[in-house]
Amino acid sequence: MGLQMQSHGIQSMLKEGHKHLSGLDEAVLKNIDACKQLSLITRTSLGPNGMNKMVINHLDKLFVTNDAATIVNELEVQHPAAKILVLAGKAQQEEIGDGANLTISFAGELLQNAEELIRMGLHPSEIISGYTKAINKTVEILDELVENGSDTMDVRNKDQVLSRIRAAVASKQFGQEDILCSLVADACIQVCPKNPANFNVDNVRVAKLLGGGLHNSTVVRGMVLKSDAVGSIKHIEKAKVAVFAGGVDSSATETKGTVLIHSAEQLENYSKTEEAKIEELIKSVADSGAKVIVSGAAVGEMALHFCERYKIMVLKISSKFELRRFCRTTGAVAMLKLSQPNPDDLGYVDSISVEEIGGARVIIVKNEEGGNSVSTVVLRGSTDSILDDLERAVDDGVNTYKAMCRDSRIVPGAAATEIELAKRVKEFSYKETGLDQYAIAKFAESFEMVPKTLAENAGLNAMEIISSLYAEHASGNSKVGIDLEEGVCKDVSTLCVWDLYITKFFALKYAADAACTVLRVDQIIMAKPAGGPKRDQPAGVDED
């Protein structure tokens, strides 16, 4: 390093090739700008009339969806500040499973308003303290808006369940929510355990089969496997099941040995002993009373031959997750190697049959008696992307059911809650002294984003709708929201549009936290990116 290379200031302290952004203009406003861009993407997908996004990820997989969680997962967001919003959306998706869009759009709106305050000359720390006061106030007001009598509900009563999941499903598949909701409600109520708080989302499966239309979709009490039975027996009723995780085949011995065979008889005897060994194994399974063998790996030819002889139905489930679910449905215990099963290890099914749905052969495993078994929603649709989107709507419905098992309180939907919050937080800001009040007022304005976006996405005049909503709320009708079909303001309790309190609570909380985190940053120091392979796993890898 010669003298001419030496630089001054912070450059001389850090390694060359790094970037350093500081100050309001470079760091804070650039961060806000990146977050605004992200929330602009998700915002047009908010609500029932939201538009779809077409995202093609780095593996050339096509997503056509208006589900914000899927969109931000597949967009590989590079900007560090925008990543914070993505993480907030993911946290919402993990916690509730719905409302990721509200989180990201609302955080973006908060930051956009913060930018105006910064340009007016407020310091970010004043904005943060104002926002913190405002979110605490918001949570208090939310509690007051909860619908009376909604804190207790019977999670097995279909009408009560429908009223709560309708809004979540309608925001994904508008116009088809009635069919979908009743499917989801049936599936969830079937597998709901004695104590609803232990409801497991994994117990409601989705099987996507091409062809037909949404009205052909059904709910199956049990599992639907997309494969054909091995062997010739295709249907069996009221049978015991043995599950072998390691495959049904003659296993080679652990030790290697060489056998010297002198004559043809010895060769015949050698293969006969192998046959006899397998027959003995299969017979021991048949003697234990099992009529169905489920294998987690390959099924040998000879083993299959003996299974046919003893009239045993053979299924092959290659995915170990599916195998686990199958064990949960039937109450079987998976055994590692082929041997005589204990009576306790056997499961029981009401019926296993191979049926043809739309040209695809599927195995339907029904188990009516089992307690919290698995139930499957069989979705039918014309293209893969429609099926994927239907599956996301069902997932949202099931997640909402789980959230409602934990906390069943509801607040008015269709932007009624947001306008009421905007009005009350605005009144709260007038009582504050100091510079916080501007931040609190902006926080209140941010709530207007929801009705504004809902109206814009439905092609209505947003300004008119917001002013008439404010007028209604000022006269004390705190349940007036937007009726998107007719484009007018109506009382949402007549429209039956309710949102879960817990979804709103977490979405607003995460959004405010994310916005405050972004505002707290005043310098960005980025090292020179190291060469070499990327470490993180590619997006879209599923644990299944």
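Restricting to bridges with both residues inside the chain, how much of the DSSP beta-bridge set is antiparallel, in percent to the nearest 5?
65 percent
Ignoring everything except DSSP H segments at least 4 long, calculate the 222 nm mean residue ellipticity for the chain; use -39,500 (n - 2.57) per segment, divide by total residues, nearest 500. Spell out each step's value before the answer.
Values: 18 runs with 253 residues, N = 544.
After summing the helix terms and dividing by residue count, I get -15000 deg cm²/dmol.
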Taking a 1.4 Å probe, which of 152, 258, 376 shows the most accessible area, and what order do the others take after it? 258, 152, 376
If a/c stays under 1.5 just call it rounded; otherwise compare a/b with b/c (prolate if a/b is bigger, oblate if not). Do that for the range 55-103, with a ≥ b ≥ c from the square roots of the Cα gyration tensor eigenvalues. oblate
Exposure of residue 174 as accessible area (Å², to 10), given a probe of 1.4 Å and all protein chains: 80 Å²
Identified option (computed Kirkwood radius over Cα pairs in Å; candidates [x] 27.0; [y] 25.5; [z] 28.0): [x]
Can you give the accessible area of residue 320, probe radius 1.4 Å, in Å² rounded to 10? 130 Å²
Compute the length gained on full extension between residue 198 and residue 339: take 0.36 nm times their separation in residues and subtract their Cα-Cα distance, giving the result in nm to one decimal. 47.3 nm
Please sort 101-109, 328-336 by packing, taking for each peptide the average over its residues of neighbouring beta carbons within 10 angstrom, highest first. 101-109, 328-336
In whole Å, what is the distance between the alpha-carbon centres of the range 184-211 and the range 51-65? 27 Å
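Round to a whole number: what % of the accessible area of the chain belongs to carbon and sulfur, probe 1.4 Å? Show your work: numbers first, answer last.
Working: 13510 of 26440 Å².
It is 51 percent, rounded to a whole number.
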Expressed in angstrom and rounded, the centroid-to-centroid distance over alpha carbons for the range 340-382 and the range 89-134 is 47 Å
Point-to-point label distance, residue 272-residue 305, nm (Cα→Cβ direction, 7 Å offset): 1.4 nm
At what distance in angstrom do the alpha carbon centres of the range 316-338 and the range 277-314 lie from each other? 16 Å
Please label the shape of the range 249-330 as rounded, prolate or oblate, based on the square roots a ≥ b ≥ c of the eigenvalues of the alpha-carbon gyration tensor (a/c under 1.5 means rounded; beyond that, a/b larger than b/c means prolate, else oblate). prolate
Accessible area per residue of the range 40-90 at 1.4 Å probe, in Å²? 48 Å²
So how exposed is residue 151, as accessible area in Å² (1.4 Å probe, rounded to 10)? 100 Å²
Is the C-alpha gyration tensor of the range 336-412 telling us rounded, prolate or oblate? Criteria: a/c under 1.5 is rounded; beyond that, a/b larger than b/c is prolate, otherwise oblate. oblate
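The values are calculated or read from the model by the stated rules, or taken from the named source; none is laboratory data. Keep in mind it's a predicted model, so treat the numbers as computed, not measured. Don't worry about glycine lacking a Cβ; one is built from the backbone with ideal geometry, like all the others, and counts go over all protein chains shown. To get the accessible areas, we keep the full protein, side chains included, count just its heavy atoms, and leave off ligands, DNA and RNA. Shrake-Rupley method; radii C 1.70, N 1.55, O 1.52, S 1.80 Å.
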